[in-house]
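Values in this text are rule-based calculations from the coordinates and carry no lab data. Remember, it's a predicted structure, so these values are computed and weren't measured experimentally. Here the Cβ is made from the backbone with ideal geometry for all residues, glycine too, and neighbour counts use every protein chain on show.
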Amino acid sequence: MDVEEVSFGVRRGMDVLDARGETVGRVKDALGDHLLSHKGWLFPDDHEIPASAIQSVDERGVHLSLTKDDLVAAEHDPAS
């Protein structure tokens, strides 16, 4: 696992967990005010997550204030 810190305590390869603690991806990179999460079972492509959605970062990973359902809805919302 690449442990290079990319931004505000976030490292590449860290798990990204939703508000319920479910893993929704892994950190690929940080792009300004967004995290880029690897594509996987939840998203068909790499997915940008706003840094404002980060609730905390600890040894388990990056914890979001959004649920998996919130992320999916935002992905399909043309206004986002």
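By per-residue mean of other Cβ atoms within 10 Å, what is the highest-first order of 9-22, 47-60?
Going by the mean number of other Cβ atoms within 10 Å, highest first, we get 9-22, 47-60.
Calculate one ³J(HN,Hα) per residue across segment 14-29 by plugging θ = phi - 60° into the Karplus curve 6.51 cos²θ - 1.76 cosθ + 1.60, and present them in order as whole Hz with x for glycine and proline.
3J(HN,Hα) across segment 14-29, in whole Hz: 5, 5, 10, 10, 7, 4, 9, x, 7, 6, 10, x, 10, 5, 9, 6.
Considering amide H positions built from the backbone, and no H for Pro or chain starts, which residues 5 or more places from residue 17, or on another chain, come under 5 Å of its amide H?
Amide H neighbours of residue 17: 24, 62, 63, 64.
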